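Data first, discussion second: the structure below is written as structure tokens.
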Amino acid sequence: MKAKRIRAASAGALTFSMLALTACGGGGDSKADKSSGPVTVEMWGWGELKNVKPIVDKFNATHKNIKLKFVKQADNPGTQQNVRNAVAAKENVPCLVQNFGEAPSLASEGLATDVTDQLKPYLGKFAKAALPSAQAAGRYYAVPGGSTPSFMMINRKVYDQYGIAVPRTWEDMIAAGKEFKKHGIYVMNLAGEDPSTLVNLVQQAGGTWYKVEGDSWKVDFLSPESLKAADVVQQFVDDDIVAHQTYTDRPALISYFDSGKMVSLPTSTWQLQTYELEFKKSTGDWQPVDLPQYAGATGFTTPMHAPGSGNIVPKGCTHVKEAVEAGVWLSTSKEAVDASYQADTKQYQWPGAIPDPSPWVNSVVPDKLFGTHKSEATGVILKAVAGGKDTWIAGPDYTGMFSELQDEWAKVVAKKTTMKAALEHMQQWTVADLKSKNINVAE
């Protein structure tokens, strides 16, 4: 299995101490431009013009000293390559770019400016859960964009048909899966190419696979939190209670979700409208419910790590201060969220970076998907936001690590190895990989 899903920009072979030195560099400065008139901040991204233009227009109409110029990119990979080319050439470097990676990778590759000093005055505008994913070594390498909340939707019609209670814990999910199995129904889906369920379970347990200790990286795939997550996955697989429908065939995936043969979907706000539009049979049968928790958990927790959210300021930008100011407005202002409204979908861009998204929640709830349970969605979503935590730290080789993890995950799902054995392999592989890149690793 060599087809990979890229999750972060590839990291350069730097030691952690070199990364720390890079963090102090800062990039460009607006003082370099002595010309009069407003500063133009060129912004690159692959978002659709119909979505981006109203927001840019609103910014330009409400700001005298800074103007945004949006330059549409073809796609995410094309944006990454164009940024690398511009930074390497030190010419025509944009000052804001739609984020495309994990902060430690962007920092170690030398693509992103350390914007900590410029961002500090604005940190109070952001939700606490939105901040960690923009950091590397305690410094900020992106203007945070925040994450969408995690919750679950269940096919309540099928749950009720077989008298199965709504799962409150992952143990409940496993018990429900065993009951559904008797009727030829799967409780959830684990695609063979996507280990994100494992990643989210580790985060929900409060864990991370990378930490910083002094001037070194500490790697721990075998922490209690990781093993707790692994145990849930292993029971799903061993008991044959989950489907393995691939995400690569989108029409087949949607048709399967719609069929009633798989009845629980961990989801988020951005997916709901798609289900509303594409489900043909089960519209109205679904119910939004809280994300299952670990038994004995001391508080309600949802994973809120937000890789690739917000905007970065590339190295070489000559208007860092203005770029950060514009980025903060894009992520946190009511004007920006209001300007994102799309009449065709009747939705706003999800304001994941701000502490209270409640004014815009109702717009993401579809009219028909949840049937008589529609009124419950707002409470479920806001509870997921309030419970959001981000303990996740992405190491400097995260892209390569995730690629290797995909191969191991595929073996787990196919019952060719166990989840614990896969984690043991990832521990050895990741330590060796970091050392091969001359990155300090704490033993």
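The values are calculated or read from the model by the stated rules, or taken from the named source; none is laboratory data. All of these numbers come straight from a predicted model, not from anything done at the bench. Please note: Cβ atoms are built from the backbone with ideal geometry, for glycine as well, and neighbour counts cover all protein chains shown.
Given the structure, is Gly138 surrounded by fewer than 23 Cβ atoms within 10 Å (Cβ to Cβ), within 27 Å of Ala205 (Cα to Cα) and assigned by TED's automatic domain parsing to the domain that holds Val52?
yes
Checking the conditions here, which among Ala129, Ala191, Ala176, Ala112 is aliphatic (A, V, I, L, M), in contact with a His (Cβ under 9 Å, 6 or more places away or on another chain) and surrounded by 22 or more Cβ atoms within 10 Å (Cβ to Cβ)?
Residue meeting the stated conditions: Ala129.
Which of (1) surrounded by fewer than 20 Cβ atoms within 10 Å (Cβ to Cβ); (2) of a type in the set (A, V, I, L, M); (3) modelled with pLDDT under 95 is the odd one out, the single condition Ala306 does not satisfy?
(1)
Scan region 206-256 for residues that are among the basic types (Lys, Arg) and buried (at least 17 other Cβ atoms within 10 Å of the Cβ) and jot them down.
Passing the criteria: Lys218, Lys228.
Go through region 404-443 and report how many residues are polar (S, T, N, Q) and touching a Phe, Trp or Tyr at 6+ places or on another chain (Cβ under 8 Å).
Residues in region 404-443 being polar (S, T, N, Q) and touching a Phe, Trp or Tyr at 6+ places or on another chain (Cβ under 8 Å): 3 in total.
Are there any helices (runs of 4 or more DSSP H) wholly within region 330-433 with 3 or more residues that are crowded, with 23+ Cβ neighbours inside 10 Å, and if so which?
377-386, 398-413
Would you point out which residue out of Ile66, Ile55 is surrounded by 13 or more Cβ atoms within 10 Å (Cβ to Cβ), assigned by TED's automatic domain parsing to the domain that holds Trp350 and within 23 Å of the chain's Cα centre (by Cα)?
Criteria check complete, one pass: Ile55.
For a quick check of your reading of the model, give me the residue pairs whose first member lies in region 414-433 and is under 17 Å from Ser223 (Cβ atoms) and assigned by TED's automatic domain parsing to the domain that holds Gln234, whose second is hydroxyl-bearing (Ser, Thr, Tyr) and crowded, with 17+ Cβ neighbours inside 10 Å, with beta-carbon atoms closer than 7 Å and at least 6 apart or on different chains.
Here the result reads Leu423/Ser226, each pair linking region 414-433 to a residue that is hydroxyl-bearing (Ser, Thr, Tyr) and crowded, with 17+ Cβ neighbours inside 10 Å.
Do we find a residue being without any contact (Cβ under 8 Å) to a residue 60 or more places away in the chain, buried (at least 17 other Cβ atoms within 10 Å of the Cβ) and among the β-branched types (Val, Ile, Thr) anywhere in region 81-103?
No: region 81-103 contains no residue that is without any contact (Cβ under 8 Å) to a residue 60 or more places away in the chain, buried (at least 17 other Cβ atoms within 10 Å of the Cβ) and among the β-branched types (Val, Ile, Thr).
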